[in-house]
Amino acid sequence: MVYWHETEDVVPGPALAETIECDVCIVGGGFTGLWAAYFLKEAEPALDIRVVEAEYSGYGASGRADGFATPTVGKDLQALVEKFGTQRALEATQAVGRSILEIGRFLRRNKVDAEYEANDYLMVATSAAQERRLAEDRALAERIGGVAPSILSREESQAVIGSPAIQAATRVGGALVNPFKLSRGLARVLRDKGVTIYDKTPCVELERGVRSTVVTPGGRITADKVVLATNVHMDSFREFRRKVAPVWTYAMVSEPLTDAQLDRVPWAGREGLVEAKSLLTCARFTKDNRVMFAGGPVVYYYGRDRGEHNMSRGRAYEEIQREFLRFFPMWRDVRFAYAYGGTADVVRDYAPHFGTVGDGIAYGYGYCGNGISMTHLGGKVLRDLVLGKDSDYTRLLVVDNKDRKPPMGYPPEPLLYVGSRVVTKLMDWKDSRA
Ligand SMILES: Cc1cc2nc3c(=O)[nH]c(=O)nc-3n(C[C@H](O)[C@H](O)[C@H](O)COP(=O)(O)OP(=O)(O)OC[C@H]3O[C@@H](n4cnc5c(N)ncnc54)[C@H](O)[C@@H]3O)c2cc1C
């Protein structure tokens, strides 16, 4: 059971049951599709926008994310600078950083309580190799003219988050949200603004033409423009076959901590905690003072298996609990009430892709596990792509064009499965080096 799903009741909206026409049809009601609808409606209030969602908003990755809104584009800044150069990497990173603040402003203006806490997060080192990574990240930020965070000593770090595992840390600007409440609230705001969202309405076929038609079990929508925003399901559209690997990541959420348990660990600022390694470990408080701990294995299952049965794979949870006790041995008596997972959309070049196919179809995917603030920025990119505007957003490095190609496709099975095992082992090895 996903903890966040318990924090708000859902009554799915009506499914599509007719044949209609509209200006823009968005396929997928997660953050990508909803922010695209939001910015389009803001820019052109008269547009008739329809969203078709296979389940309900927040069912996918958006409603089960760990809730860290970070200034990250794709995997990390280093990879971005190597691939795109300093200037372009900085532009994109600053734009996604602004999205963190703008999400907070959106929530306040629209009176959506998504438990937004602008607490920053600590990138923590628990080994000499991770301390080196903090120093490298800082040097890189200094070199490119970004914000270079100071490195906190062991004592300084542990005064912020009292884990004996932490040897050093940097403070990074960011916020925490309840991602499910953000998804549900955003969908509500859109409905109030006149956007129609059809729940339980999967697109089962896309008929391409001057105006494309989204075919669903109960009806059809023909639109001037279509936006594809289905994340790990992008491979059901022929242009994106094998572009995305669905990779499972797992989390556990405790029962609410007692005052006595809370008193044992100094953590007054409620910052997020992220360990400085490739296969992330992260931790945070929820609004009701549960501790959420995520990490453990990041797994690709044979044949792109995205089935919910993968939520109950026990190996991940054993590892998460081991890691939890490494960070917080004084919380040996904390009981976990929720254990769940979700699939992140990983692409071969580890950075998101936005673009158009022909004139009428736009797309956005490839967040590699860092999508909360990036989907907000992506909403503006998609708005301008749909409206055919050349803008600062459509010139960002995340947009496919003559200079930046769509990602290479993954190989077929069994090569993808074997390759994913090798890459995970390599990352594990890199992370475990002293
Ligand atoms: C466990 C986990 C933890 C994460 N933690 C963080 C985090 O802390 N910070 C962060 O920045 N990012 C995090 N992410 C990544 C982030 O959640 C995603 O990048 C982001 O939510 C992607 O949004 P989306 O709208 O593209 O995808 P989704 O939210 O998956 O939305 C896609 C929607 O499309 C629907 N759909 C699929 N196929 C069809 C179809 N044929 N027709 C109609 N609808 C369809 C699905 O039902 C789904 O609702 C995490 C991801 C996971 C899985």
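The values are calculated or read from the model by the stated rules, or taken from the named source; none is laboratory data. Keep in mind that what you see is a predicted model, and the values were worked out from it rather than measured. Cβ coordinates were reconstructed from backbone atoms using ideal geometry, including for glycine residues, and neighbour counts include every protein chain displayed. These area figures cover heavy atoms from the full protein model, side chains too; ligands, DNA and RNA do not enter into them. Shrake-Rupley method; radii C 1.70, N 1.55, O 1.52, S 1.80 Å.
So here's what we get for this one:
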quantity: Residues that are open to solvent by 10 Å² or more (accessible area, probe 1.4 Å), at pLDDT below 95 and under 21 Å from PRO329 (Cα atoms), drawn from the range 279-289; calculated: LEU280
quantity: Residue tally, condition away from the ligand (no atom under 13 Å from the Cβ) and either of a type outside the set (S, T, N, Q) or in a strand (DSSP E or B) (or both), over the range 318-344; calculated: 18
quantity: Number of positions in the range 73-108 that are in contact with a Ser or Thr (Cβ under 9 Å, 6 or more places away or on another chain), crowded, with 24+ Cβ neighbours inside 10 Å and assigned to a loop (DSSP other than H, G, I, E, B); calculated: 1
quantity: The range 375-416, residues that are in a helix (DSSP H, G or I) and surrounded by fewer than 16 Cβ atoms within 10 Å (Cβ to Cβ); calculated: LEU415
quantity: Members of the range 223-243 found to be at pLDDT below 95 and surrounded by 20 or more Cβ atoms within 10 Å (Cβ to Cβ), listed by number; calculated: ASP235
quantity: Some residue of the range 237-244 being over 23 Å from GLY29 (Cβ atoms), touching a Leu at 6+ places or on another chain (Cβ under 9 Å) and part of a strand (DSSP E or B); calculated: no
quantity: Those residues of the range 354-371 which are in contact (Cβ under 8 Å) with a residue 60 or more places away in the chain, in a strand (DSSP E or B) and buried (at least 23 other Cβ atoms within 10 Å of the Cβ), in sequence order; calculated: ALA362, TYR363, GLY364, TYR365
quantity: Top-ranked residue in the range 53-72 [being touching a His at 6+ places or on another chain (Cβ under 9 Å) and open to solvent by 20 Å² or more (accessible area, probe 1.4 Å); ranked as nearest to ARG138 (Cα to Cα)]; calculated: ARG64
quantity: Output for the range 290-340, where each listed residue is closer than 27 Å to LEU262 by Cβ, open to solvent by less than 30 Å² (accessible area, probe 1.4 Å), touching a residue at least 60 places away in the same chain (Cβ under 8 Å) and not aliphatic (A, V, I, L, M); calculated: TYR317, PHE324, PHE327, PHE328, TRP331, TYR340
